[in-house]
1. Give the distance, in whole Å, between the Cα centre of region 66-113 and the Cα centre of region 6-42.
2. Let me have the relative contact order for the chain, percent, based on Cα pairs under 8 Å that are six or more residues apart.
3. Using a basic spin-label model with each label point 7 Å from the Cα along Cα→Cβ, how many nm lie between residue 117 and residue 132?
4. Give me the number: length gained by fully extending residue 46 to residue 9, i.e. 0.36 nm times residue separation minus the C-alpha to C-alpha distance, one decimal in nm.
5. For the chain, what is the Kirkwood estimate of the hydrodynamic radius, computed as the reciprocal of the mean inverse distance between distinct Cα atoms, to one decimal in Å?
6. Grab the Cα-Cα distance for residue 103 and residue 72, subtract it from 0.36 nm times how many residues apart they are, and report the gain in nm with one decimal.
7. Using the beta-carbon distance between residue 21 and residue 89 and R0 = 30 Å, what value does 1/(1 + (r/R0)^6) give for FRET efficiency, to the nearest 0.05?
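Every number in this text was worked out from the coordinates using simple rules, so none of it is lab data. As the structure is a computational prediction, the values presented were derived from the model and not from experiment. Glycine gets a Cβ as well: all are built from the backbone with ideal geometry, and neighbour counts include every protein chain shown.
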Amino acid sequence: MKDELPWDEPAVFTVENCRVVQVSGGARARAMEHEIEERSASHGEKARMIDSWHGGMNPEARMPTAENPSLVGATSSPALMHFHLGRLKEPLSLGILNHRVEVDGKKIYEGGRLLILDGPAIREAADRYGVTEEMGNREK
């Protein structure tokens, strides 16, 4: 990944038509935007394309904590996703932690939680099989 530790300040990546059009936030976000601009100058618009976006759904996966903030090894956690930026031989791999994801104004994730899990059919199935909220919130 680009970094092994979370950034001090949150960053917002604005994506339109599968490409990053803006990065905003603190100093790290501005440095990332500069790197994207340099890559775009060298490789064209494909440097701004989201190549893949994925993350874990394992509620038992290790979460980054204050004692162990490393993102390495936590990629199966629901609260950590990452995306590959640039349809290039060497794309950037950027982790996103405790993310909010909106698609066309509709929230999909909030605070790293997949919101569909709060739906009545999912809750009914969880209740039927004895799955509790605490099972997905254990620190590893």
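1. The distance from the Cα centre of region 66-113 to that of region 6-42 comes to 14 Å.
2. Relative contact order for the chain comes out at 20 percent.
3. For the pair residue 117/residue 132, the computed spacing is 1.6 nm.
4. Contour length minus the Cα-Cα distance gives 10.6 nm.
5. Result for the chain stands at 16.4 Å.
6. Length difference between fully extended and current span is 8.4 nm.
7. Result of the calculation: an efficiency of 0.85.
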